[in-house]
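Take a look at the structure below.
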């Protein structure tokens, strides 16, 4: 800002001194004063521009905060989730604090602000949160094959017109592209950087965050195309940086590097045609390819596979349900997969979510001490224990009635919430050494999932080898067998949770174990060990 230079200038005038002793010195003061007026006009113009930007920034936030009555719906919008994190990591710093707090009371204000945050135990998002949000949007693009330009404009599906009611700014696209390039996702990263540049030049009169400029975009874009193997374009973009800033140190180094690499490529005498080395990603497993097709709605069961499926009402031998029987819908016969409609009441679902909020932790992959956080499973979860929550007794009894199994050996209910791009890639629920891990309970015989809410787009439970995708339906129960009737592993039960494209997904999972089911579901007499084992690594 102009203030420090202004103070130094006043000091310089005072040092010269004794202007009152000669009129010739007064003539110099007029020149100095004219210079001061010119510079102060520049300062006021710059300050007014900063104030206008700050006002627009506050108005934008105010508009977004007014439309957040339903937080699940608000943060179920993946762009809202990304923008909120990005805004708190970057925009407040560059658009507010760097401008407003550049004054003598900065340290006092910062100390007061820090003490206030400490008292309410507030921890804001950090760089890793922003990287996580970037990876989530990348996941949505990959799985649902979303166009970068459309997603940046808030369009999820072809033909829709901004259903997310929000779009990304040039700085948002820049941050997203930069983050993707940092994890070597150069293809998508370069697309987002090009989108940032298009939006920067396409809206010159609109609000532009001061933390992004054309040169900064080019600084990321040139190495991105180098990473993609396009040296000519990388060199061209690097020269654009030097056209704008001839003394740009990094661009000067890259100029020498790119020109050397291009010269070397021109001087190589080809002996015979050899394909260049491929650095593409490893080919995904068959189950993952099928999973993404199911998530996009490109793969379905054939009419032949569905012809013996049926729906029926059943009281499951429990007199209590004769007047209001369960509504069963068969989805697959072997292995058995069924959806039971309207199992939970609204009041029960609301209570489940209330008990989960505030106690959720990042979900992990693996069992006990070997579990770890991984991008293949992006959700948060907590456990609801039956003995600690007596109000769960009715739900526990209902689970036993609808499945015909005992909960004596079952695990506590696991409540999960999936946010921006939340998913769980294809996996099995059974384990390798069940006796060692679960003891007398043995392996997971059946999985039952309560859908606690509806999801606007995405979030289906997919069974790749069954060509089956089940969209979440509030209050329903999805259940399937993980083991053959002989209690050997059924590799066809591999399943996954599709990424949340729009909305928030709440589910509650129960795993029924083999133990204590002897009188409920006797095992088959014919061994099915190794059956469909060829699907294990697919």
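A short reminder: the numbers here are calculations on the coordinates, not readings from a lab. Only a predicted model underlies this, so the values are computations on that prediction, with no experimental measurement involved. All Cβ positions, glycine included, derive from the backbone under ideal geometry; neighbour counts span all protein chains shown.
A few comments on the model shown:
- Packing-based exposure ordering (other Cβ within 10 Å, fewest first) of 437, 420: 437, 420
- Net length available on complete extension from residue 336 to residue 538 is 70.6 nm, with 0.36 nm assigned per residue and the Cα-Cα distance removed.
- Model label sites at residue 187 and residue 252, defined 7 Å from Cα along the beta-carbon direction, differ in position by 3.7 nm.
- Cα gyration tensor, region 354-400 - rounded (a/c under 1.5), prolate or oblate: prolate
- Förster radius 35 Å - calculated FRET efficiency between residue 518 and residue 323, Cβ distance, rounded to 0.05: 0.65
- Whether region 353-488 is rounded, prolate or oblate, judged on the alpha carbon gyration tensor where a/c under 1.5 counts as rounded: rounded
- Residue 64-residue 347 pseudo-label distance in nm [points 7 Å out on the Cα-to-Cβ vector]: 3.9 nm
- Applying 0.36 nm per residue to the separation of residue 528 and residue 98 and subtracting their alpha-carbon distance, the gain on full extension is 148.1 nm.
- In terms of the mean number of neighbouring beta-carbon atoms within 10 Å, the peptides 230-238, 131-139, 372-380 order highest first as 131-139, 230-238, 372-380.
- Each Cα pair under 8 Å and six or more residues apart adds its sequence gap; the mean of these over the residue count of region 300-535 is a relative contact order of 22 percent.
- Order by protection proxy (mean Cβ within 10 Å, highest first), peptides 338-344, 442-448: 442-448, 338-344
- Taking other Cβ atoms within 10 Å as a rough exposure proxy, 336, 90, 491, 320 sort from fewest to most as 320, 336, 90, 491.
- Ascending count of other beta-carbon atoms within 10 Å, so fewest first, for 498, 523: 523, 498
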